[in-house]
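The values are calculated or read from the model by the stated rules, or taken from the named source; none is laboratory data. Computed from a predicted structure; not experimentally measured. All Cβ positions, even for glycine, are placed from backbone atoms using ideal geometry, and neighbour counts span all protein chains on display.
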Amino acid sequence: MKILLCSKNENILKRWSTGLGSQNSVFEATSVETAYRIMKSNSIELTLLHRTMINEQQIIDMISAKKDTKVFVLSDRPRNEEGISCLRLGCVGYANSYIAHPRLNLAVQAVSSGLIWTGSSLMQHMIQTSSSRIKKTGDGETGRPAVLDKLSKREYQVAALVAEGLQNSEVAQRLDITERTVKAHLSSAYAKTSTQSRLGLARLFSTS
């Protein structure tokens with residue numbers, strides 16, 4: 001995968017490059033101008049943008065100019081409001097600039113397969129906001145969505161708790177099962193309900 005790393009901070013560039021490993025073709029840019037030049041001469045599939053390097057309008061311009069390139073923003077001090085703003089602009093991910101190497105690779109794999117990546121704090125915030133908005137406005141159909149009937153009793157329990165914003169460890173503790181079992185039930189629930197994220201489950205349960 002061809003990935004462009006954009007930051008004025010050499011240490012950040014080195015950190016990201018090391019984390020991504022040799023399985024990807026990595027390019028580096030320390031300015032927006034250089035980033036565009038690299039994009040023009042290479043078929044960049046994903047751009048990791050350091051938030052301190054670029055403003056909101058430049059993010060919009062980059063996404064508009066390079067529609068075939070996915071944009072992932074990383075911030076030194078992640079904030080839920082900023083993360084939501086980036087996703088609304090069309091970014092495929094938002095995370096901490098100092099994200100651990102294993103999670104950086106997971107994030108890249110997720111967005112390359114068409115998913116959206118956020119940190120756990122932002123995801124919980126989005127789930128809670130979505131649930132509160134739907135309940136407050138009465139948006140959505142009443143009654144339990146038929147697709148939830150496809151779930152086994154345990155899958156339903158796991159999915160319902162995840163939809164409330166609980167982390168896997170909290171679900172495991174609540175149901176007295178292992179985190180590995182939680183992940184297995186969650187994967188099955190995603191497949192059966194045709195959802196791809198915790199937020200998707202939250203929206204589904206908000207109508208039930």
Exercise. Within region 165-208, can you find the residues that are under 14 Å from Leu148 (Cα atoms), in contact (Cβ under 8 Å) with a residue 24 or more places away in the chain and either out of contact with any helix residue (DSSP H, G or I) (no Cβ under 9 Å at 6 or more places or on another chain) or among the polar types (S, T, N, Q) (or both)?
Worked result: Ser188, Thr193, Ser194, Ser206, Thr207, Ser208
Exercise. What are the residues in region 74-97 that are within 13 Å of Ile12 (Cα to Cα) and either surrounded by 14 or more Cβ atoms within 10 Å (Cβ to Cβ) or within 13 Å of the chain's Cα centre (by Cα) (or both), if any?
Worked result: Leu74, Ser75, Asn96, Ser97
Seminar exercise, completed: Counting only residues in region 1-27 that are in a loop (DSSP other than H, G, I, E, B) and touching a strand residue (DSSP E or B) at 6+ places or on another chain (Cβ under 9 Å), the one farthest from Ile59 (Cα to Cα) is identified as Asn24
Seminar exercise, completed: In region 75-101, anything touching a residue at least 60 places away in the same chain (Cβ under 8 Å) and in contact with a His (Cβ under 8 Å, 6 or more places away or on another chain) is listed as Ser97
For this session: Just need a number here: residues in region 108-119 that are modelled with pLDDT under 90 and surrounded by 13 or more Cβ atoms within 10 Å (Cβ to Cβ).
Result: 8
Problem set entry | Enumeration of residues in region 158-189 that are surrounded by fewer than 17 Cβ atoms within 10 Å (Cβ to Cβ) and either at positive phi or assigned to a helix (DSSP H, G or I) (or both) | Ser169, Glu170, Gln173, Arg174, Leu175, Asp176, Glu179, Arg180, Thr181, Lys183, Ala184, Ser187
Exercise. Taking Cys6, is it buried (at least 19 other Cβ atoms within 10 Å of the Cβ) and either of a type in the set (Asp, Glu) or out of contact with any Leu (no Cβ under 7 Å at 6 or more places or on another chain) (or both)?
Worked result: no
For this session: Return yes or no: is Ser22 out of contact with any helix residue (DSSP H, G or I) (no Cβ under 8 Å at 6 or more places or on another chain) and either closer than 19 Å to Cys86 by Cα or at pLDDT below 90 (or both)?
Result: yes
